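The values are calculated or read from the model by the stated rules, or taken from the named source; none is laboratory data. The structure displayed is predicted, hence computed values, not measured ones. Neighbour counts are summed over all protein chains in view; Cβ atoms, including those assigned to glycine, are modelled from backbone coordinates with ideal geometry. Only protein heavy atoms, including side chains, enter the accessible area calculation; ligands, DNA and RNA are left aside. Shrake-Rupley method; radii C 1.70, N 1.55, O 1.52, S 1.80 Å.
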Amino acid sequence: MRQAGALLLLYGTLFGALLLFAELAEHVYRKEGFGFDGPILTWFHQIRSPVGDWVALTLTGSASLPLMVLWVLGLGLWAALRKRPWLPFLLLVGGTELLNLAGKFLFARPRPHLFPQITPESDFSFPSGHTMASLALALGLYWLLEDEPGRARRVLALASL
């Protein structure tokens with residue numbers, strides 16, 4: 001019964017996230033923008049500090065393309081060595097990247113430039129490549145570890161965060 005509740009919570013959370021994404025996508029597609037962009041970016045700019053910049057750069061770098069490629073290839077190799085279905089894992093993560101690129105060109109939402117950026121980006125801002133890649137990696141890892149012993153599964157799942 002506990003597992004059923006956890007699955008219900010997981011699927012409910014995923015469904016809620018999908019609904020939120022659809023709502024945001026509709027606003028972006030209609031070029032309506034978001035009323036919360038300015039206030040949130042202004043707040044982050046006001047509390048900016050060298051330590052905060054370092055944290056932001058570290059978090060951004062942790063989901064950079066080179067590191068994500070290393071994670072995915074490393075996990076794919078690990079899965080292959082353990083006789084796990086590594087190809088679906090690679091297709092999941094790679095397919096997500098292709099969907100992200102398609103979404104960026106479909107919505108073509110420019111990045112808001114209210115302040116100088118500490119990590120200048122030149123591509124479109126929606127959907128978030130970092131968010132999609134991280135989520136795909138975490139879900140793929142969860143799938144790969146579905147029948148791993150509890151401790152190993154928790155350790156590897158935490159590493160994906």
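The residues of the chain expose on average 71 square angstrom of accessible surface per residue, using a 1.4 Å probe on protein heavy atoms. Using a Gaussian network model on the chain with a 10 Å cutoff between Cα atoms, which of A138, A22, A56 fluctuates the most? Looking only at A138, A22, A56, the biggest GNM fluctuation is shown by A22. Each of (1) 18.0, 51; (2) 17.8, 68; (3) 16.2, 47 is a candidate for Rg and Dmax of the Cα atoms in Å; the one calculated from this structure is (1). Within the chain, the longest segment free of exposed loop sites, counting trypsin sites (Lys or Arg not before Pro) that fall outside DSSP classes H, G, I, E and B and have at most 14 other Cβ atoms within 10 Å, spans 84-161.
For the pair R111 and L77, label points projected 7 Å from Cα toward Cβ lie 3.1 nm apart.
Counted residue by residue at 0.36 nm each, then reduced by the alpha carbon distance between them, the extension gain from F34 to L65 reaches 8.5 nm.
Give me the percent of the accessible area of segment 1-52 that comes from carbon and sulfur atoms, probe 1.4 Å, all protein chains in place. The value for segment 1-52 is 71 percent carbon and sulfur by accessible area. Kindly list the residues of segment 41-71 that lie in the label zone of I118, defined by a backbone N under 12 Å from the point 7 Å along the Cα-to-C-beta vector. Answer for this model: 44-61. Scan the chain and hand back the longest stretch that contains none of the chymotrypsin sites (Phe, Trp or Tyr not before Pro) lying in DSSP loops with at most 15 other Cβ atoms within 10 Å. By the stated rule (loop sites, at most 15 other Cβ atoms within 10 Å), 37-161.
Between A4 and S128, the simple spin-label model (points 7 angstrom out along Cα→Cβ) gives 3.5 nm. Taking GluC sites (Glu not before Pro) as exposed when DSSP calls them loop and at most 16 other C-beta atoms lie within 10 angstrom, the chain has its longest site-free stretch at 33-120.
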